[in-house]
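These notes are about the structure you will find just below.
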Amino acid sequence: MKCPHCDNKVGIEIDMHSDGYAKDLLECTSCGTVWLEKASQIITVNKQAA
């Protein structure tokens with residue numbers, strides 16, 4: 001799996017929040033992009049400036 005914004009393959013994590021986590025919400029630790037990957041489709045939720 002890789003980040004759809006910066007192509008980082010190492011620091012991809014489940015996005016954690018103080019009130020829990022979203023099972024399918026992923027976050028890149030390199031650029032901060034948050035996205036969902038559903039049925040081979042990538043839906044960017046929040047794209048940070050790299």
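What follows draws every value from the coordinates through simple rules; no lab data is involved. From a predicted model like this one, the values you see are computed outputs, not experimental measurements. Please note: Cβ atoms are built from the backbone with ideal geometry, for glycine as well, and neighbour counts cover all protein chains shown.
Within 10 Å, count the other beta carbons around each residue, average over each peptide in 36-43, 5-12, and list them highest first.
By packing density, highest mean first, the sequence is 5-12, 36-43.
Could you check the spin-label model distance between residue 31 and residue 6? Points 7 Å from the Cα along Cα→Cβ, value in nm.
0.8
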